[in-house]
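Working notes, structure below.
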Amino acid sequence: MNFADLGLSPDLLKAVSDAGYTEPTPIQAQAIPPVLMMKDIIGIAQTGTGKTASFVLPMIDVMASGRRRALMPRSLILAPTRELAAQVAENFEKYGKNHDLKLALLIGGVQMGDQVKALNEGVDVLIATPGRLMDLFERGKILLNGCELLVIDEADRMLDMGFIPDIEFICDKLPESRQTMLFSATMPPPIEKLAKKFLKNPKRIEVSRAATTNKDITAFKIPVQQRQKRETLRWLLRHDQVETAIIFANRKTTVRELNKSLQSHGFASGEIHGDMDQSSRIKELDRFKSGDINILVASDVAARGLDIKGVSHVFNFDTPWHPDDYVHRIGRTGRAGAKGRAFTFVAGDDAEAIANVEKLTKSEIPVFGKKDVRVELVEPAAKPEAKSKRDDSGDKPEPKKRAEKPKAKSDKQDKKADRSEKPAKSKAPKAKPETAAEDAGDWNGPVPGFLDVSTS
Ligand code: ADP
Ligand code: MG
């Protein structure tokens with residue numbers, strides 16, 4: 001199967017080949033033809049398998065005919081976080097470079113001026129987080145009745161409690177006769193059922209069972225005492241051949257404190273969570289992508305959708321409370337065929353959460369043990385201090401504890417999303433220079449205490 005068999009135009013095929021893609025991924029092969037036939041779609045495929053292009057490519061051809069009108073976007077893509085919306089917009093620009101299509105990115109935390117100007121001039125594709133879109137709609141800066149195509153990326157997240165009133169509001173303003181498409185790697189049955197009211201006779205494309213984890217990710221869990229988590233993390237960062245890592249914690253306060261602690265131990269780390277102002281969020285992500293830092297401590301605002309090359313490791317400092325988030329968090333590695341490793345710390349507090357994760361993914365996560373260690377042991381060399389720039393802020397509603405702060409109003413939606421946002425990659429200096437012993441088993445050095453717990 002190749003892209004030319006899918007019914008895409010020659011201009012588009014050229015952009016695809018310029019992007020370096022030689023053949024469509026399974027979700028692309030299955031979704032592109034029905035999208036071109038204007039069908040409603042529920043598309044489920046694992047993280048990192050090219051869902052974005054599976055809707056962006058056919059949309060470009062569908063949008064190629066027709067005319068722009070002021071204030072009336074012709075199509076709309078919704079995403080739960082600003083960073084993900086921006087990433088989808090970048091994809092659109094890359095694939096649409098041979099087409100005369102105008103897009104506007106409507107996200108919170110940035111000035112509205114340019115967004116309003118773009119809307120006035122007419123756009124073919126609007127890419128938005130719900131909060132900013134609603135804001136502009138309520139100010140009369142945008143009309144949605146000319147919008148005949150709707151994509152909801154990370155659809156299950158967008159249709160859960162925090163967002164659903166906004167989605168209902170927005171769908172209500174769109175024409176009845178539109179084409180609607182939902183994409184995600186996870187789709188809990190109750191949410192899918194709810195989703196159907198926004199769809200007409202959808203074609204359901206399930207490339208892999210929802211919530212299955214990508215086979216390129218090697219995952220482990222590590223039983224650990226709460227108070228040993230930091231030390232265990234540092235050990236792994238130094239010894240598991242970590243190039244670039246995202247470390248997820250459940251609470252914003254943990255994100256902040258953990259980042260500080262890592263920095264004080266000489267790691268080049270930064271942080272991202274939903275209470276930071278947008279310019280700090282962007283700055284931290286850029287530092288991560290550029291390799292200025294190689295460790296990003298994150299809330300779930302970075303769990304969904306972000307595609308950052310070279311992320312070798314994901315750590316769950318806490319097991320996520322929502323099992324779907326596990327699938328998305330670890331899905332920040334192992335993208336587009338690359339390999340990745342994912343470690344989940346399980347303290348007493350995490351016991352119930354990990355059981356829920358294993359129930360959802362229908363697989364037991366192996367316990368990390370001696371044979372799995374990829375050690376590069378040398379005497380730890382001193383490391384340049386890294387310091388990070390950040391803002392105050394906490395994260396999404398945290399089921400168990402507080403640690404929440406009041407925030408700027410405009411972007412409430414995006415903060416709701418704080419279970420998902422996007423991270424960035426990097427090729428920063430490793431945490432510590434280490435020698436390279438390839439295989440786990442090669443190591444004869446001291447075994448950290450936590451491994452004794454887990455071996456056997
Ligand atoms: P998903 O939304 O399924 O998590 P993305 O759309 O973010 O995945 O794509 C993941 C990565 O795969 C991106 O870096 C993208 O450039 C790359 N990619 C997408 N389609 C192809 C393809 N056909 N061949 C090679 N790489 C691809
Ligand atoms: Mg995606």
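The values are calculated or read from the model by the stated rules, or taken from the named source; none is laboratory data. Keep in mind that this is a model prediction, so the values were computed, not measured. All Cβ positions, glycine included, derive from the backbone under ideal geometry; neighbour counts span all protein chains shown.
Lys14 satisfies every condition listed in (1) closer than 22 Å to Ala336 by Cα; (2) within 16 Å of ligand 2 (Cβ to nearest atom) except (2).
Being out of contact with any helix residue (DSSP H, G or I) (no Cβ under 8 Å at 6 or more places or on another chain) and part of a loop (DSSP other than H, G, I, E, B) is the filter; apply it to segment 314-344 and report the residue that is surrounded by the most Cβ atoms within 10 Å (Cβ to Cβ). The residue in question is Thr333.
Within segment 237-254, which residues are more than 17 Å from the chain's Cα centre (by Cα) and among the hydrophobic types (A, V, I, L, M, F, W, C)? Listed by number, the residues that qualify are Leu237, Val242. Considering segment 86-117, and only residues there that are closer than 19 Å to Met134 by Cβ and in contact with a Lys or Arg (Cβ under 7 Å, 6 or more places away or on another chain), the residue that is surrounded by the fewest Cβ atoms within 10 Å (Cβ to Cβ) turns out to be Val116.
Scan segment 102-121 for residues that are of a type in the set (S, T, N, Q) and closer than 25 Å to Ser280 by Cβ and the total you get is 2.
Inspect segment 370-385 for any residue being at pLDDT 95 or above, aliphatic (A, V, I, L, M) and buried (at least 16 other Cβ atoms within 10 Å of the Cβ) and give the result as yes or no. No, that holds for no residue. Within segment 48-85, the set of residues being touching a residue at least 60 places away in the same chain (Cβ under 8 Å), within 16 Å of ligand 2 (Cβ to nearest atom) and hydrophobic (A, V, I, L, M, F, W, C) comprises Phe55, Met59, Ile77, Leu78, Ala79, Leu84. The residues of segment 94-128 that are of a type in the set (D, E, K, R) and more than 16 Å from ligand 2 (Cβ to nearest atom), listed by number, are Lys97, Asp100, Lys102, Asp114, Lys117, Glu121, Asp124. Could you list, in sequence order, all residues of segment 270-296 that are outside any helix (DSSP H, G or I) and either within 16 Å of ligand 2 (Cβ to nearest atom) or more than 14 Å from the chain's Cα centre (by Cα) (or both)? Result: Gly270, Glu271, Asp275, Met276, Asp277, Gly291, Asp292, Ile293, Asn294, Ile295. Scanning segment 46-76 for residues that are under 24 Å from Asp11 (Cα atoms), within 12 Å of ligand 1 (Cβ to nearest atom) and not hydroxyl-bearing (Ser, Thr, Tyr), we see that the one that is surrounded by the most Cβ atoms within 10 Å (Cβ to Cβ) is Leu57. Count of segment 4-17 residues, restricted to those that are buried (at least 21 other Cβ atoms within 10 Å of the Cβ) and either within 9 Å of ligand 1 (Cβ to nearest atom) or in a loop (DSSP other than H, G, I, E, B) (or both), is 2.
Of the residues making up segment 241-269, those that are among the charged types (D, E, K, R), crowded, with 22+ Cβ neighbours inside 10 Å and outside any loop (DSSP other than H, G, I, E, B) are Lys252, Arg256. Scanning segment 157-169 for residues that are away from ligand 1 (no atom under 13 Å from the Cβ), more than 18 Å from Gln179 (Cα to Cα) and of a type outside the set (A, V, I, L, M) yields Asp160, Gly162, Phe163, Pro165, Asp166. Residue pairs whose Cβ atoms lie under 7 Å apart, separated by 6 or more positions or on different chains, with the first residue in segment 294-315 and more than 15 Å from Glu284 (Cβ to Cβ) and the second among the basic types (Lys, Arg) and in a loop (DSSP other than H, G, I, E, B), are Asp300/Lys396; Gly305/Lys422; Asp307/Arg335; Lys309/Lys425; Gly310/Lys425; Gly310/Lys427; Val314/Arg332.
Under the condition of being within 16 Å of ligand 2 (Cβ to nearest atom) and either under 20 Å from Tyr326 (Cα atoms) or over 23 Å from the mean Cα position of the chain (by Cα) (or both), the residues counted in segment 152-181 number 7. Looking at Leu133, Leu103, Leu126, just one residue is under 18 Å from Thr52 (Cα atoms), touching an Asp or Glu at 6+ places or on another chain (Cβ under 9 Å) and either in contact (Cβ under 8 Å) with a residue 12 or more places away in the chain or assigned by TED's automatic domain parsing to the domain that holds Leu306 (or both), and that residue is Leu103.
Of the residues making up segment 152-168, not a single one is in contact with a helix residue (DSSP H, G or I) (Cβ under 6 Å, 6 or more places away or on another chain), among the basic types (Lys, Arg) and in contact (Cβ under 8 Å) with a residue 40 or more places away in the chain.
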